[in-house]
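In what follows, a single structure is set out as structure tokens and then discussed.
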Amino acid sequence: MPEQREDFYVTVAIDYPNGDPHVGHAYEKVAADALVRFQRLRGRPTFYLMGNDEHSQNVLRAAKQRGQDPEGYCADMAGVFREAWDVLGVGYDRFMRTNDPRHIAAVQRLVQELHDRGHVYAGTYHGWYCVSCEAFITDKEVNDGLCPVHHRPLERVEEANWFFRLSSFRDAVLEHVRRHPDFIQPEARRHEVESLLRSGLEDVSISRAKTEWGVPLPWDPDQVVYVWFDALTTYLSGVGYGWDEAAFRRHWPADVHLIGKDITRFHCVIWPAMLLAAGLPLPRTVYGHGFLNVRGEKLSKTTGNTVDPVAFARRYGVDAIRYYLLAETPFGQDGNFAPESFAKRYNSDLANDLGNLLSRGVAMLERFREGIVPQPPADSDDGFREAAATTRDQLAGAMEGLRLHEGPAALLSLCARANRYVDRQAPWELARRGESERLDAVLYNVAEVLRILAVGMSPFLVQAPEEIFRQLGLDPGAVRDVGWAGMEWGGLGPGTRVCRGAPLFGRLDPEAVAQDAGSFGGHTPTAVPSASTPAPDPGPTISLEEFRRTELRVATIQAAERVAGADRLLRLQLTLGDGTPRQIVSGIAAHYRPEDLVGRQVVVVANLEPATIRGVRSEGMLLAAKSGKDLRLLGPDGPVEPGAEVR
């Protein structure tokens, strides 16, 4: 990224509201939000602009199909889009609609400036036009009469327009691209644009004739400003161009335009030429990210191959979908949204790593130190001080370099290290041996790693960081106020009282997520029963949601003894891997001797409401199979980590 200045201004593509926002829109908006939140973490003033591109023929057609006038339709759709970004935790500063009077005035000012400077002339356009792109397509871009992006038939258009002298800015734009390697990112996009510029440019229409919906040209009201010139000007109008000059000087030029790779020609050729023609500075970076496919296929409203990100966020949590969008795909490359991989990454990174570390960390503090963060001995960080500093540097490098996927990866690496540390140090064994100082060091190190992870994850997750702070006994709101210094080791004060809460992330069933995706906008294959064979009556059933409430986990039996006065009952001490022992009373004394059970792995219902049996507290239930009079405990067919989920 270019050298920083006081304010950091980022924009995203201005969306056509001719349909509801889909996961492709969310991918870009969440990525920009993470970038902005990181800059705020660094203490830098930021401004995040987004909006809707309303003056398009696609939008006009959508309004007519609903029987609405375009103004009312666009107002309704603006509410739909803003609600989506609110649900996804996207903290934009301004949502600029192109039908906003401030924007209309800015567009007319800019095109008038180009006209007055002699960069606009009257002419007649002969050529191809893509209705879906709302773009004029040159002969060399046409592929057998099809749009190179949408692969749909093109229209042959002939109409009187006003033209922008784009060809006269070819050398200036090419020179800027060559002198500023950060101007177009990633590198593959820069090479594409350089090739386009070297092949020469043609002048482009700046207006359309006989169109009932758009911004009238100031000097020719019978023509409206071509939709792409209209939309691109949003990056200026959104920060005050034409209506708040002080704000405009403070924010412009933009630090990053974040866009899809299919619109780089407009942003990296036409847009810089427009700015040069108007005497305005160019943006510092235009970043063309890859496409997000669904189940390996292109997003398509026509075929129904879409995913509603709002439905996913409401079903599985906003942090779940934000994390998946940011962590799954190397930023800049094409990605794939698959429900099964969503569940897998959620379980692996969020439930098993981050959520598990919080659960076991807080549980151990409550068990061994009555919930109080201990004072660690001097020089007992066990390398975590250095590891945290490395993670902080990796996070900074990833975000400043717009390698957004590397940020969560660096933080999860630190989290995994802390989980392995707990396994190796075995605090429960330190407590049993009375190694108090060593136990204090381990408990503090785990808690401090959790605090740093919460701060570092705050650009990517919007709810979990606050919950981690809350369970650590810290002010939840402070996670976003501590700033970059919050990533430094030693910020958790000894004496803080933790407050154990619900699990941060419950595990997901990939098959159930895949089925859910069918109702979230994606198409899911459905099994069709045979018409010739009637299905057997399954009897009483429970819903999938009811079954999901049952948490089955693998536990290791550490001790077993008979319950006094009860011939059938054994009292078992088990571990589920979080360092906190679990006691279960089970009626298996007639089938197993206590000494034969120690070390055995079994399956337990981990979230069963505790009960008191013969005066002994029981916190769960063992699963067993009954065959005649025999009872056999269920367990894995090989050693697994205690606490592993049974699916």
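Which helices pass in the chain if a helix is a full DSSP H run, must span at least 30 angstrom along its long axis by Cα, and must have mean Kyte-Doolittle hydropathy not below 0.0? Span-like helices, by this rule, are 436-457. Between residue 568 and residue 616, the modelled labels are 1.4 nm apart [label points 7 Å from Cα along Cα→Cβ]. Summing charges over all other residues whose Cβ lies under 12 Å from the Cβ of residue 192, with Lys and Arg as +1 and Asp and Glu as -1, gives +2. Gap in Å between the Cα centre of segment 564-629 and the Cα centre of segment 21-47? Each part reduced to its Cα centre gives a spacing of 49 Å. Close amide H contacts of residue 336 (hydrogens built in the peptide plane, cut-off under 5 Å, sequence separation of 5 or more or a different chain): 293. When Rg and the Kirkwood Rh are both derived from Cα coordinates, the Rg/Rh ratio for segment 194-326 amounts to 1.04. Label positions at residue 247 and residue 463, each projected 7 Å from the Cα along the C-beta direction, are separated by 3.2 nm.
Within 10 Å of each residue's Cβ, count the other Cβ atoms and sort 29, 64 from fewest upward. Ascending Cβ contact count within 10 Å gives the list 64, 29.
Using a/c under 1.5 as the rounded threshold, could you call segment 8-289 rounded, prolate or oblate? The axes a ≥ b ≥ c are square roots of the C-alpha gyration tensor eigenvalues, and prolate needs a/b larger than b/c, oblate otherwise. Taking the square roots of the gyration eigenvalues as a ≥ b ≥ c, segment 8-289 is rounded.
Give, as a single signed number, the net charge of other residues whose beta carbon lies under 9 Å from the beta carbon of residue 292, with Lys and Arg counted +1 and Asp and Glu -1. The answer is -2. Taking GluC sites (Glu not before Pro) across segment 291-370, the ones in a DSSP loop with at most 13 further Cβ atoms lying within 10 angstrom of their Cβ are 370. For segment 440-504 versus segment 189-207, the inter-centroid distance based on Cα atoms is 49 Å. Among the listed values [x] 0.92; [y] 1.05; [z] 1.17, the one computed from these coordinates for Cα Rg over 2.2 N^0.38 Å is [z].
Give me the net charge for the shell around residue 383: Cβ to Cβ below 13 angstrom, other residues only, Lys and Arg +1, Asp and Glu -1. Within the 13 Å Cβ shell, the charges total -1.
Near residue 53, the amide H atoms lying under 5 Å from its own belong to 15, 16; only residues 5 or more places off or on other chains count, and H is placed 1.01 Å from N.
Separation of segment 59-112 and segment 250-275, taken as the distance between their Cα centroids, equals 20 angstrom. DSSP beta bridges fully contained in the chain are about 70 percent antiparallel.
No lab work stands behind these numbers, since they all come straight from the coordinates. It should be emphasised that the depicted structure is a prediction, and the values quoted were computed from it without experimental measurement. For neighbour counting, all protein chains shown are included, and Cβ atoms are generated from backbone atoms with ideal geometry for every residue, glycine included.
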